[in-house]
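Chemist: Sharing a structure here in structure tokens format.
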Amino acid sequence: MHRFVFYPKEARKAPLDLHGAHLVGTDGVPVRSEIQVRGAEIVCTPRTQDPVGLSLLWPVEGFGTIQLQTTRLPVREKPYHLHLELARHQLMRISVKREEWGLYDYSGMEAVAALIDEARDAFIAAIQEADDGPKAARLADDALAKGLLAGEQMSRFHAAVFLARRQQGGGFSRPFLGVCASAGLRNPALARQAASVFQFVRVPFVWRDIQPTELDQLYDPLDACIKTCVGAGLSVRGGPLLNFGVRSVPDWMYIWENDFEAIYEAAREHVERTVQRNAKSIASWIVVSGLHADNVFGFSFEQVMELTRMAAQITKQSAPRSQVLIDLTQPWGEYYARNQQTIPPLLYADMVVQSGINFDGFGLQFLFGIGSDGFHLRDLFQVSAVIDRLANLGKPIHLTAVGAPSQMPPGSPGEPTAGGEWYAPWSEDVQADWLTSLCEIALSKPYVESVCLQPLADSDDSVIAHGGLLRENNTPKPAFQRLLQLRERLVSGAET
């Protein structure tokens, strides 16, 4: 059992909202556990004897409400001081990445280094006052706030250096900025509006909509959408071809829920038919998405790998020149703490590479601001670090879905930050700042080949409510113009 004591301020009274809280083990893999609040303590009972860390949504004054975690800690009788452990982990992460990025004594890092030193000094002071819990909490909170700010500033500094290098090397000569539009995009004026900012569009291929019955295939809406986008000068990325989440699986498939061979054969026919039909108009395919995290049939590890291999192989055979991407959702793997039948995202990615599947790159999704597991806000420093981890597998990376809300979701009073917030409550301006900052950090990395925003426009069926770059009446939000400026700056090679 792990116990964490915390000292709430007046503005944050106990009990805490532990929605999304989970324990983290070796290599950042979530572990199964029971977590509850008892008075001013968080009590965690992991189903392992190994050291674990606590990850939870935590408010930080002056920074926002972010999913953070402690260092991995062994079991002990005395409760851990949560504020101290959150600050400790942040400073540890900064030290590791600063070394990895080669930013010790790097010219221009002086202001960031000074802030890191301030955070460290505040943390040392907090440790010295550990016997005075409330005082230590105040000092640790100061250390954490400065550490989070320093982490983001360091990420931005690192991105600015490498973004300039990538520009100088002609790294933005190919299409790198896209947007996800619904299959209903058949308005030429709207497509031209999208083409004024973006270079490609991702068209979702939802199996449930394409094949509502076993004998019917409805491709006409997709055909019209693709024709409209191509006519506007946008290249097209299709997919995912296979997604076994509840919103994607056709109803008639459930009759085969205990017959993997029948599911496999139906999936193979769907992939082959769809790719062959669109081989001339679509040069990039997301062949599978989220199989590691969410499938209604409870596939085994071996079955997930079989479906991944089949989808990549059939796509390569049907369209040999096409780009084949395998998409990772919820890259921190929070879902694995709730469902052990799933696969941690980086383990799945590693096995895909090790098994010799023929594919061209990984897709990676960053959708934030929803009060659900996997969608709680992470800071830019965490985003940068998880991209680096995936890059270690040696495959190009495409951010296939990047999104954040432009206004706070509806909620009960006193719970305005169910999915987290960044410096201020979500607004159109905050959304613009967040999306452009994330794009800059991602595109500074030479192994990130493209970024796709999601969605183009607000709609009732969006994953993120009010997450579009256009309002429902198709008028642009600030993020739309900011992304145009970013694209022009990168393409022209102007100073960043």
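Any read-out appearing in this document is the output of simple, stated calculations on the displayed coordinates, not a laboratory observation. Fair warning: this is a prediction, and the values are worked out from it, not measured in the lab. Using ideal geometry, Cβ is built from the backbone for each residue, glycine included, and neighbour counts are taken over all protein chains shown.
Chemist: Quick check: Cα centre of the range 224-275 to Cα centre of the range 379-402, how many Å?
Modeler: 26
Chemist: Follow-up. Report the extension gain between S281 and Q340 in nm, rounded to one decimal, defined as 0.36 nm multiplied by the number of residues separating them, less their alpha carbon distance. Can you show the working numbers first?
Modeler: Values: separation 59, 0.36 × 59 = 21.24 nm, distance 3.95 nm.
That pair, S281 and Q340, stretches by 17.3 nm at full extension.
Chemist: Let me ask something else about it. If the cut-off is 13 Å between C-alpha atoms, which aspartates and glutamates fall inside it for K78, apart from same-chain ones fewer than 8 positions away?
Modeler: In chain and number order, the partners are E41, D131.
Chemist: Taking amide H atoms as placed 1.01 Å from N in the peptide plane, list the residues 5 or more away in sequence, or in a different chain, whose amide H sits under 5 Å from that of S450.
Modeler: Residues meeting the amide H criterion: L399.
Chemist: Would you mind computing, in nm to one decimal, how far apart the modelled labels at R471 and E34 are, each placed 7 Å from Cα along Cα→Cβ?
Modeler: 5.0
Chemist: Return the long-range amide H neighbours of M408 (sequence gap of 5 or more, or a different chain), with a cut-off of under 5 Å between placed amide H atoms.
Modeler: So M408 has HN proximity to W426.
Chemist: Here's another thing I want to ask about it. For n ≥ 4 DSSP H runs only, could you compute -39500 (n - 2.57) per run for the chain, divide by its residues and tell me the 222 nm figure to the nearest 500?
Modeler: Values: 12 runs with 188 residues, N = 496.
About -12500 deg cm²/dmol.
Chemist: May I ask you to list the residues of the range 44-72 whose amide nitrogen lies under 13 Å from a point 7 Å from Cα along the Cα→beta-carbon direction of M92?
Modeler: Inside the label zone: 51-55, 69-72.
Chemist: Past the 20 angstrom mark, what percentage of all C-alpha to C-alpha distances in the range 195-261 do you count? Walk me through the numbers before you get to the answer.
Modeler: Values: 861 of 2211 pairs.
Taking all Cα-Cα pairs of the range 195-261, the fraction more than 20 Å apart is 39 percent.
Chemist: Another one. Taking R0 as 35 Å, what FRET efficiency do you get between F260 and L18 from their Cβ-Cβ distance, rounded to the nearest 0.05?
Modeler: Numbers: r = 36 Å, r/R0 = 1.04.
E between F260 and L18, to the nearest 0.05, is 0.45.
Chemist: OK, next. Return the subset of K146/K445; K227/K395; K227/K477; K227/K280 for which the Cα-Cα distance in this structure is over 19 Å, preserving the input order.
Modeler: Values: K146/K445 25 Å; K227/K395 31 Å; K227/K477 26 Å; K227/K280 12 Å.
Result: K146/K445; K227/K395; K227/K477 exceed 19 Å.
Chemist: Given 4 °C and 1.567 mPa s, how large is the Stokes-Einstein diffusion coefficient of the range 444-496 in µm²/s, with Rh as the Kirkwood radius over Cα pairs?
Modeler: Values: Rh = 12.6 Å.
Calculated translational D: 103 µm²/s.
Chemist: Which whole-number percent gives the relative contact order of the chain, counting Cα pairs below 8 Å spaced six or more residues apart?
Modeler: Numbers: 960 pairs, mean separation 73.7, N = 496.
Computed value for the chain: 15 percent relative contact order.
Chemist: Something else: Estimate the FRET efficiency between W252 and Y423 by the formula 1/(1 + (r/R0)^6), using the beta-carbon distance for r and 41 Å for R0, to the nearest 0.05. It would help to have the intermediate numbers written out before the result.
Modeler: Working: r = 47 Å, r/R0 = 1.15.
Approximately 0.30, to the nearest 0.05.
Chemist: Just grab the label-to-label distance for F157 and K135, each label 7 Å out from Cα along the Cβ direction, in nm (one decimal).
Modeler: So the label points at F157 and K135 sit 3.2 nm apart.
Chemist: Could you grab the relative contact order for the range 424-468? Cα pairs under 8 Å, six or more apart, rounded to a whole percent.
Modeler: Values: 22 pairs, mean separation 9.2, N = 45.
Relative contact order for the range 424-468 comes out at 20 percent.
Chemist: Kirkwood Rh, Cα Rg: Rg to Rh for the chain?
Modeler: Working: Rg = 23.0 Å, Rh = 23.7 Å.
Result: Rg/Rh = 0.97.
Chemist: For the chain, find the longest principal axis of its Cα atoms and tell me its angle to the long axis of helix 478-492, 0 to 90°, nearest 10.
Modeler: So the inclination is approximately 80 degrees.
Chemist: Pull up the DSSP beta bridges for the chain and report the antiparallel fraction as a percent, rounded to 5. Mind dumping the intermediate values first?
Modeler: Working: 26 of 61 bridges.
Here the antiparallel bridges make up roughly 45 percent for the chain.
Chemist: Quick query: amide H of R237 versus all other amide H atoms, modeled in the peptide plane; which residues come in under 5 Å with a sequence gap of 5 or more or a different chain?
Modeler: Distant-sequence amide H within range of R237: V201, R202, V203.
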